[in-house]
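The values are calculated or read from the model by the stated rules, or taken from the named source; none is laboratory data. Computed from a predicted structure; not experimentally measured. Don't worry about glycine lacking a Cβ; one is built from the backbone with ideal geometry, like all the others, and counts go over all protein chains shown. Ligands, DNA and RNA are stripped out before the accessible areas are found, and what is left, the full protein with its side chains, is counted by its heavy atoms. Shrake-Rupley method; radii C 1.70, N 1.55, O 1.52, S 1.80 Å.
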Amino acid sequence: MRRADREVKDFEQILEIMRGCDICELALNDVDGYPYVLPMNFALVMRDGKPALYFHGAREGKKLDLIARDGRCAFSMSRAHVLELAKVACATTWKYESVLGRGRISVVDDPAEGVEALKAIMRHYDPEHAHEFDERHLRAVVILRMDVEHLTGKRRDRK
């Protein structure tokens, strides 16, 4: 990281930033050599002491084709955006917190894990309520799990 003074090194702080984000930009390896990036709803969970991200989506389409071909992926998420305007253009800056990561993504085949993943996603966005899903809901979506292998956090605090 070029700006070591902005690096968030504490693992729990990195997880806290992730828990406060609304959207995860997921990057997959496309067949033409360019990344394929999708904004996704997500849930952060811990599996055997390691972070994992759950996503849900349509049961067919480009994202699933790319995952089947190459499960390596990366992500970006950020929060706490505050624009600080300055009279000199290059002095204008953003305050923010962000996390970047990479790992491997796969389709969740276990129905019980799928239900828990959907509940985790709903808790991320609506922690006040319990959520249930019937078989029709479960058949309508595919659940994806990214096992995170590497994380970096960054913060630019307000002065």
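Listed by position, the strands (runs of 3 or more DSSP E) contained in segment 41-156 that have at least 2 residues being open to solvent by 90 Å² or more (accessible area, probe 1.4 Å), more than 27 Å from Arg6 (Cβ to Cβ) and of a type in the set (A, V, I, L, M, F, W, C) form an empty set. How about segment 81-118: which of its residues are closer than 24 Å to Cys24 by Cβ and among the basic types (Lys, Arg)? Selection gives Lys95, Arg102, Arg104. Any idea which of Thr92, Thr152 is polar (S, T, N, Q) and under 23 Å from Glu12 (Cα atoms)? One residue alone meets the criteria, Thr152. Selection of segment 17-40 for residues being open to solvent by 30 Å² or more (accessible area, probe 1.4 Å) and under 19 Å from Gly103 (Cα atoms) yields Arg19, Ile23, Glu25, Asn29, Val31, Gly33, Tyr34, Pro35, Tyr36, Val37, Pro39.
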